[in-house]
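S.K.: Can you keep this structure in mind? I'll have questions shortly.
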Amino acid sequence: MVTEVLTPAELSKVDPVFGQLSFDNHEQIVFCNDKDTGLKAIIGIHNTVLGPALGGTRMWKYNNEWEALNDVLRLSRGMTYKSAVTGLNLGGGKAVIIGDSKIDKTPEMITKFGQYVNSLSGKYITAEDVGTTTADMDLIRDVTSFVTGVSESRGGSGNPSPVTAYGVFMGMKAAAKYKFGSDNLEGKKVLVQGAGHVGETLVSHLAKEGADVYIFDIHEDKTQAVAQKYGAKVFTGDVYSADVDIYAPCALGATINDETIHTLKAKVIAGAANNQLAVEQIHGVLLQEKGIAYAPDFLINAGGIINVYAEIVGYDKAEALRRTENIYNTTLEIFALADQNKITTHQAAMAIAERRIAERKLQNSSK
Ligand code: NAD
């Protein structure tokens, strides 16, 4: 299975849905169109062997529908493996709404989207992602119970980003332990790309630990504000060739690609962004060959899903944080497994997830 970012011209040459390179035996793909509200969304349900497919809704100004479809296929598949490797009884799903969240989003559109989610009777459970907010989840809750990440005042777990950031911090510490022999990040030069919800909290953890933190966000005002708040430095120059100890991608995916891979100088990569490797099989191996310790994204950014999962089973913040802290141990286990089997850390994490799904499938079929 190859998941890679294709140009629109390349995408248009393959079969529309099942022939997409990012299609990986997804169980169901739902196209939602509502003329009155302008909603155009795609819900991708990748796998429900371990439980209902839970994953956030991303609102993004895609250049075309191919790009949106490719994104939802990649993201929903990623959720399957994220929940499986983290030990949650959840399947993988994700949704994308096509449009600029700052301009096109309306309460009516979000409500309509909630109705589409409701029509799936719990096979897909939504949450927030880039371009959607806790307030949007509250609107969705008005029309369906199949939503998580609603505000705390409504019995939800609120914004998952701080827990995600804590998990990334734990994964980063484990990767540092593997690479540098100590998980103490004091004095380590860390470049955080993206100073958004997750990036900012990650910066706060790093600053508290005494790391030498650099920030780069495409929005300069955000970079300045976050740098000032936590006493971090504003990074100028090329992110990918930065001479740092740790690179933390916390913006969008596929930043480890053919163009960037050869310029990377960081010794550890550990960040929140989903699908950091443009082509898993190629760029994962190249990172390994370069001796860069890569903490698999779908493992270390699982804090958010752990937090919203807790909402389904009865929210207990302390338990969610304990599980998130355990990302440290799982990351170390994955580095060890990768070394033992001479495979990449991404492959090692996938192997654990796949084994769990296969075992459950067997159990389910023998019932
Ligand atoms: P966000 O939208 O709050 O922040 C993203 C930030 O990245 C924004 O400030 C944006 O300006 C910046 N950005 C975009 N492109 C950039 C680029 N090329 N260079 C530098 N900065 C750039 O999103 P978030 O909630 O902080 O999530 C960050 C990443 O982590 C996303 O990929 C998301 O899918 C992933 N993630 C988030 C969560 C969560 O709980 N929020 C959970 C798992 C994974």
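S.K.: Have a look at ILE140, GLY171, SER157 and report the one farthest towards the positive end of the charge dipole of region 133-194, computed about the Cα centre with Cβ charges (Lys/Arg +1, Asp/Glu -1).
M.R.: Going by the Cα projections, it comes out as GLY171.
S.K.: I've got another one for you. Compute the semi-axes of the equivalent ellipsoid of region 78-128, taking the square root of 5 times each eigenvalue of the Cα gyration tensor, and list them largest first in whole Å.
M.R.: Each semi-axis is the square root of five times an eigenvalue, giving 25, 14, 7 Å.
S.K.: Here's a follow-up. Where Lys and Arg each count +1 and Asp and Glu each count -1, what net charge lies around SER182 among other residues with Cβ under 14 Å from its Cβ?
M.R.: Values: positive: LYS173, LYS177, LYS179, LYS188, LYS267; negative: ASP183, GLU186, GLU209, ASP245.
My count for the surroundings of SER182 gives +1.
S.K.: Using a 1.4 Å probe, what is the accessible area per residue for region 161-341, in Å²?
M.R.: Here the per-residue accessible area is 41 Å².
S.K.: Additional query: Work out the length of the dipole vector of the chain about its Cα centre, built from +1 on the beta-carbon of each Lys and Arg and -1 on the beta-carbon of each Asp and Glu, and round it to the nearest 20 debye.
M.R.: 760 debye
S.K.: Below 8 Å between Cα atoms, with a sequence gap of 6+, how large is the relative contact order for region 161-341 in percent? Walk me through the numbers on the way to the answer.
M.R.: Numbers: 354 pairs, mean separation 47.9, N = 181.
Once normalised by length, the contact order is 26 percent.
S.K.: Something else about it: So what J values fall out for region 201-215 if you push phi through Karplus, 6.51 cos²θ - 1.76 cosθ + 1.60 with θ = phi - 60°, rounded to Hz, Gly and Pro as x?
M.R.: Once θ is set to phi - 60°, the couplings for region 201-215 become 5, 4, 4, 5, 5, 5, 5, 4, 7, x, 6, 8, 9, 10, 10 Hz.
S.K.: Mind checking the per residue accessible area of region 41-128 for me, 1.4 Å probe, whole number of Å²? Present the calculation step by step, with values, prior to reporting the outcome.
M.R.: Details: 2650 Å² over 88 residues.
Value returned for region 41-128: 30 Å² of accessible area per residue.
S.K.: Within the set of other residues whose C-beta is less than 12 Å from the C-beta of TYR166, count the net charge using Lys and Arg as +1 and Asp and Glu as -1. Write out the running numbers ahead of the final one.
M.R.: Working: positive: LYS173, LYS208, LYS317, ARG322, ARG323; negative: GLU325.
Charge balance near TYR166 sits at +4.
S.K.: Another question, then. With 19 Å as the cut-off, how large is the P(r) tail for region 112-266, expressed as percent of Cα-Cα pairs?
M.R.: 60 percent
S.K.: Taking amide H positions as placed 1.01 Å from N in the peptide plane, with prolines and chain starts having none, which residues 5 or more places from LYS233, or on another chain, fall under 5 Å of its amide H?
M.R.: Here VAL213, TYR214, ILE215 satisfy the definition.
S.K.: Can you check what the net charge comes to around ILE269, using other residues whose Cβ is under 12 Å from the Cβ of ILE269 (Lys, Arg +1; Asp, Glu -1)?
M.R.: In short, +2.
S.K.: Applying a 10 Å radius around every beta-carbon, put 129-135, 170-176 in order of their mean neighbour count, most first.
M.R.: The most tightly packed comes first, giving 170-176, 129-135.
S.K.: If you roll a 1.4 Å probe over region 161-341 with all protein chains in place, what percent of the accessible area is carbon or sulfur?
M.R.: On region 161-341, the fraction of accessible area on carbon and sulfur atoms equals 49 percent.
S.K.: I would also like to ask the following. Roughly what percent of Cα-Cα pairs across region 161-341 reach past 24 Å?
M.R.: Tail of P(r) above 24 Å: 32 percent of Cα pairs.
S.K.: Sorted by average packing, counted as other Cβ atoms within 10 angstrom per residue and highest first, what order do 159-169, 116-126 take?
M.R.: Descending mean neighbour count gives 159-169, 116-126.
S.K.: Whole-Hz Karplus ³J(HN,Hα) for region 53-70, in order, using 6.51 cos²θ - 1.76 cosθ + 1.60 and θ = phi - 60°, x for Gly and Pro?
M.R.: Using θ = phi - 60°, the values come out as 7, 10, x, x, 10, 9, 10, 8, 7, 5, 5, 7, 5, 4, 4, 5, 5, 4 Hz.
S.K.: Also, quick follow-up: From the phi of every residue in region 264-279, what ³J(HN,Hα) in whole Hz does the Karplus formula 6.51 cos²θ - 1.76 cosθ + 1.60 yield, where θ is phi - 60° and glycine or proline is x?
M.R.: In residue order, the calculated couplings are 4, 10, 4, 9, 9, 10, 8, x, 8, 4, 7, 6, 5, 7, 4, 10 Hz.
S.K.: Now, a different point. If the viscosity is 0.692 mPa s and the temperature 37 °C, what translational diffusion coefficient in µm²/s does Stokes-Einstein give for the chain when Rh comes from Kirkwood over Cα pairs?
M.R.: Estimated diffusion coefficient is 160 µm²/s.
S.K.: I've got another one for you. Relative contact order for the chain: what is it in percent, counting Cα pairs under 8 Å that are at least 6 residues apart? Please report the intermediate quantities before stating the final value.
M.R.: Details: 790 pairs, mean separation 57.1, N = 367.
With pairs under 8 Å counted, the relative contact order is 16 percent.
S.K.: Ok, one more. For the peptides 14-25, 260-271, 339-350, what is the packing order when you average, over each peptide's residues, the other Cβ atoms within 10 Å and list the highest mean first?
M.R.: My ranking of the peptides, most packed first, is 260-271, 339-350, 14-25.
S.K.: Rounded to the nearest 10 degrees, what's the angle between the helix 220-230 long axis and the longest principal axis of the chain, both from Cα atoms, 0 to 90?
M.R.: Around 60 degrees separate the two axes.
S.K.: Sort region 1-136 into rounded, prolate or oblate with this rule: let a ≥ b ≥ c be the square roots of the eigenvalues of the Cα gyration tensor; rounded if a/c is under 1.5, and if a/c is not under 1.5, prolate when a/b is larger than b/c, oblate otherwise.
M.R.: Oblate is the answer for region 1-136, as a/c is 1.5 or above yet b/c matches or exceeds a/b.
S.K.: Based on Cβ point charges of +1 for Lys and Arg and -1 for Asp and Glu, what charge dipole magnitude is obtained for region 161-341 about its Cα centre, in debye rounded to the nearest 20?
M.R.: Dipole of region 161-341, to the nearest 20 debye: 380 debye.
S.K.: Separate question: What three numbers, in Å, describe the spread of the alpha carbons of region 124-213 along their principal axes, ordered from the longest?
M.R.: Sorted from largest, the Cα extents of region 124-213 read 50, 21, 20 Å.
S.K.: Just subtract the alpha-carbon distance of LYS342 and GLU186 from 0.36 nm times their residue separation and send over the number in nm, one decimal.
M.R.: Taking LYS342 through GLU186 to full extension adds about 53.1 nm, to one decimal.
The values are calculated or read from the model by the stated rules, or taken from the named source; none is laboratory data. Predicted, not measured: the structure shown is a model, and the values here were computed from it. Positions of Cβ are generated from backbone atoms using ideal geometry, with glycine treated the same way; all protein chains shown enter the neighbour counts. With ligands, DNA and RNA removed, areas are computed over all heavy atoms of the protein, side chains included. Shrake-Rupley method; radii C 1.70, N 1.55, O 1.52, S 1.80 Å.
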